[in-house]
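The values are calculated or read from the model by the stated rules, or taken from the named source; none is laboratory data. Since we're looking at a predicted model, the values are computed, not measured. Here Cβ is always computed from backbone atoms with ideal geometry, including for glycine, and neighbour counts include all displayed protein chains.
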């Protein structure tokens with residue numbers, strides 16, 4: 001049975017999902033068992049799978065012609081990802097690479113990353129979602145499950 005949710009109910013349901021979002025690696029990263037080399041592999045895979053191309057993935061959703069309000073929001077997000085001019089003044093990919101250099105990794109390590117099998121499968125899945133599914137599925141996957149975090153409720157509610 002389907003029922004219609006108010007905008008506030010829908011928002012709260014999404015925030016409930018995000019509140020349960022926990023990356024499998026968080027416990028490892030918060031502990032002392034992960035080596036610097038393991039972090040390097042993880043960050044390089046993350047960068048190559050979606051961080052570097054996040055705006056490109058979003059642009060594929062825009063190309064499916066969602067309602068203008070959604071297009072505008074996605075276009076603003078693409079602008080921010082590519083320029084950083086709405087926040088810290090640098091493209092998000094560049095901010096990530098600066099963070100990696102702060103951890104002692106070289107920028108060159110993030111060029112021509114060979115994807116591990118699971119990373120490759122995840123990227124293929126993201127491409128499939130963005131290329132072949134309805135815009136709303138792609139938008140949900142990218143903005144909620146890829147980009148969203150357990151902190152989103154607090155950030156939105158405290159604006």
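Looking at (1) at pLDDT 95 or above; (2) farther than 14 Å from residue 51 by Cβ, which is the only condition residue 87 fails?
Every listed condition holds for residue 87 apart from (1).
Kindly provide the set of residues from the range 1-16 that are surrounded by fewer than 15 Cβ atoms within 10 Å (Cβ to Cβ) and at pLDDT 75 or above, ordered by number.
Hits for the range 1-16 are 3, 4, 5, 6, 7, 8, 9, 10, 11, 12, 13, 16.
Exactly one condition in (1) closer than 21 Å to residue 122 by Cβ; (2) modelled with pLDDT of 95 or more is false for residue 38; which is it?
(2)
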